[in-house]
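J.: Structure provided below as structure tokens; questions to follow.
Readers should treat all values here as calculations from the given coordinates under stated rules, not as data from a laboratory. Owing to the predicted nature of the structure, the values given are computational and were not obtained by experimental measurement. So basically every Cβ, Gly included, is an ideal-geometry build from the backbone, and we count neighbours across all protein chains shown.
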Amino acid sequence: MSANLSAVFYLISGVLFILALRGLSSPETSRQGNLFGIIGMIIAISVTFLSVGNFSSGFIYVIVILLIGGAIGAFIAYKIPMTAMPELVAGFHSLVGLAAVFVAIAAFINPGAFNLGSPGNIKLASLIEMSIGAAVGAITFSGSVIAFLKLQGIMSGAPITFKGQHLLNALILISIIVLTYLLCSTQSSNLFWILIAISFLIGFLIIIPIGGADMPVVISMLNSYSGWAAAGIGFTLENTALIITGALVGSSGAILSYIMCKGMNRSFFNVILGGFGGTDQISTNQNKEQRPVKSGNADDAAFLMKNASSVIIVPGYGMAVAQAQHALREMVDTLKKNGIKVSYAIHPVAGRMPGHMNVLLAEANVPYDEVFELEEINNDFANADVAFVIGANDVTNPVAKTDPQSPIYGMPVLDVEKCKSVLFVKRSLSPGYAGIDNDLFYKENTLMLFADAKKMTEDITKNL
Amino acid sequence: MEIDPFIFRLSIFILSIFVGYYVVWSVTPSLHTPLMSVTNAISSVIIVGAIIAALANINGEVFTSSSLFGFFAIMLAAINIFGGFLVTQRMLAMYKKKKKDKK
């Protein structure tokens, strides 16, 4: 296959990838979009086989390995529970990162295969692109592994900080740049290995100080990195499909990080520098006086809801942990049978990744036109009778609007307190991730329901 | 004077960033999780480089140090491609509209 013809096909698959993302603008077109993505991938892979034109025994091995990998991927995709989606995405990012590193290494060892020159005499531009691809890929890999471990609970979600952390990170970043420069002037393979090794290290170091609830930003950021790594390799291979895809994924991840940061009213750097919600912030809250709290049981909650005409559900990460989405939907079904209007309010940073709550509700067969974003629904709280907060905390805290001293001041929050009454399902009065007390607990019209989210929801349904 | 092909690639890159910017802003927030899994799947188009590396045999040898890295990368990217597209499909199939005739 001629180089020009294959370039045209790579362009086509790049365009199909754009259409795949475009399809996600609404759930109706999204399935078609995914199909475009799959077609684009098939074109890119087929064209590569044809343009390499090597159908010897190696080709058989490639197909076999492709199918083994594909079978593993398909198995994971069908087995994974929807609540584990953040871990899955983090795990997948790590694979893209590692694949980018491997491709860069292969190109470094055998540049002839990619028309980049010969070992020890690689074209300067290619060497720079290769180093960027390898370094960003390595950062994506080790960062995603840490994110995965934190999300999975294997590693504590608490931030890990130590003295001189930022200085160390800065030194490593500078040395990556210096190494890339030296590598280009000497073409030494030792430097290439060191570059990859310290890139792995920095990926690890930049994620450990970031706490569990900041994971939406981390996952989006790593999503972005995996794109830039792919683009770096795309430049090395002079491949348009990779360049287009890398740019798309890179900007997609960057936008998601931006949306997540805005949802917390924090700057990107504030999140990345980490340490948020660490021990020092929690200790300042202990001298607060004990305030009275109204608590109730499932019976009281059922009574309140039965007499309401509209209910707004506010789900959060706690719902995912308790796997309460199905029980919740059953409760809502019963409410609807009694003629009560129910809608769902989703805060942009609810859960551990962008859109996490929406997927869980969709899994529990909640129609997506009953689920609303913060801006769409926030004015409705004032007219609603009951707000049912299940597993959310900081995103409902009115302190963000009233107390300029609070660490979450200025963060957009759901105006839950404007409801006639608030039902708050929570296991205890402990503060949320930001380490601050929620004023909502102590309001006159709040009824605390101390229980496991799933069990409480089931009990309420029984009492309705 | 002739323009370096690198400049053409750079142009594609920059324009694609802008395309990505506008396309992603139009994605509805409720589909942000599928967006992440599908971007993950398409970024595995890096498999193209892995295939080239794996099939570039020197002197007729199938397994060389560089082709082995290629094979490993194919494996990783293939997990991602199948896993990413299929899990996206599984998620998207769950997004349903309100049924008109309520049970």
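J.: Counting helices only, and only those DSSP H runs with n ≥ 4, report the 222 nm mean residue ellipticity of the protein assembly as shown as the sum of -39,500 (n - 2.57) divided by its residues, in deg cm²/dmol to the nearest 500. Working shown, then result.
T.: Numbers: 22 runs with 347 residues, N = 567.
Theoretical 222 nm ellipticity from helices: -20000 deg cm²/dmol.
J.: To the nearest 20 debye, what charge dipole does chain A have about its Cα centre, counting +1 at the Cβ of each Lys and Arg and -1 at the Cβ of each Asp and Glu? Working shown, then result.
T.: Values: 26 positive and 29 negative charges, 93 e Å.
With only Lys, Arg, Asp and Glu charged at Cβ, the dipole is about 440 debye.
J.: If you don't mind, there's one more thing I want to ask. Which of A:214, A:439, A:369 has the fewest other C-beta atoms within 10 Å, and how do the rest follow up to the most?
T.: Details: A:214 27, A:439 19, A:369 13.
Ascending Cβ contact count within 10 Å gives the list A:369, A:439, A:214.
J.: Ok, one more. What percent do you get for the relative contact order of segment A:376-418 when only Cα pairs under 8 Å and 6+ apart count? Before the final figure, lay out the partial values.
T.: Details: 41 pairs, mean separation 18.1, N = 43.
With pairs under 8 Å counted, the relative contact order is 42 percent.
J.: Just tell me which aspartates and glutamates come within less than 16 Å, Cα to Cα, of residue A:401; anything on the same chain fewer than 8 places away is out.
T.: By straight Cα distance, residue A:401 reaches A:375, A:415, A:417, A:437, A:439.
J.: For the protein assembly as shown, with the dipole built from +1 on Lys and Arg beta-carbon atoms and -1 on Asp and Glu ones, taken about the Cα centre, which of A:138, B:86, A:54 lies farthest toward the positive end?
T.: My answer, from the dipole projection, is B:86.
J.: Among DSSP bridges having both ends in the protein assembly as shown, what percentage is antiparallel? Round to the nearest 5. List each step's numbers first, then the result.
T.: On the way: 2 of 25 bridges.
Bridges in the protein assembly as shown that DSSP calls antiparallel: roughly 10 percent.
J.: Given charges of +1 on the Cβ of Lys and Arg and -1 on the Cβ of Asp and Glu, with all other atoms neutral, how large is the dipole of chain B about its Cα centre, in debye to the nearest 20? Before the final figure, lay out the partial values.
T.: Values: 9 positive and 4 negative charges, 272 e Å.
That gives a dipole near 1300 debye.
J.: Another question about this same structure. Fewest Cβ neighbours within 10 Å first, please rank A:161, A:29, B:39 accordingly.
T.: Numbers: A:161 16, A:29 13, B:39 34.
Taking fewest neighbouring Cβ atoms as first place, the list is A:29, A:161, B:39.
J.: Turning to a different aspect of this structure: Pairs to check: A:262/A:336; A:336/A:454; A:337/A:420; A:426/A:462. Give those whose C-alpha atoms are more than 30 Å from each other in this structure. Spell out each step's value before the answer.
T.: Values: A:262/A:336 34 Å; A:336/A:454 19 Å; A:337/A:420 22 Å; A:426/A:462 19 Å.
As for pairs spanning more than 30 Å Cα to Cα, those are A:262/A:336.
J.: Rounded to whole Å, give me the distance from the Cα center of segment A:407-437 to that of segment A:135-212.
T.: 35 Å
J.: Please compute the average number of Cβ atoms from other chains found within 10 Å of each residue's Cβ in peptide A:212-222.
T.: Details: counts 0, 0, 0, 0, 1, 0, 0, 2, 3, 0, 2.
The per-residue average across the peptide is 1.
J.: Here's something else I'd like to know. Taking only C-alpha pairs under 8 Å that are 6+ residues apart, what is the relative contact order of segment A:53-197 in percent? Mind showing how you got there, number by number?
T.: Working: 101 pairs, mean separation 36.2, N = 145.
This gives 25 percent for segment A:53-197.
J.: Towards the positive end of the charge dipole of chain B, with charges on Cβ (+1 Lys, Arg; -1 Asp, Glu), say which of B:16, B:1, B:40 has the farthest Cα.
T.: Working it through, the farthest residue towards the positive pole turns out to be B:40.
J.: Find the relative contact order for chain B and round it to a whole percent, using C-alpha pairs within less than 8 Å whose residues are 6+ positions apart.
T.: Computed over chain B, the figure is 28 percent.
J.: Additional query: Compute the longest continuous run of chain A that contains no exposed GluC sites (Glu not before Pro); treat a site as exposed when its DSSP state is not H, G, I, E or B and it has at most 13 other Cβ atoms within 10 Å. Can you show the working numbers first?
T.: On the way: sites that count: A:289, A:444.
Result for the longest clean stretch: A:1-288.
J.: Can you put A:128, A:312, A:174 in order, fewest other beta carbons within 10 Å first?
T.: Working: A:128 18, A:312 25, A:174 10.
Going from least to most buried by this count: A:174, A:128, A:312.
J.: Considering only B:30, A:149, A:176, whose Cα is most displaced toward the positive end of the charge dipole of the protein assembly as shown, charges sitting on Cβ of Lys, Arg (+1) and Asp, Glu (-1)?
T.: Going by the charge dipole, the pick is B:30.
J.: Suppose every K and R has +1 on its Cβ and every D and E has -1 on its Cβ; what is the size of the dipole of segment A:1-160 about the Cα centre, in Debye to the nearest 20?
T.: Details: 5 positive and 3 negative charges, 14 e Å.
The calculated dipole for segment A:1-160 is roughly 60 debye.
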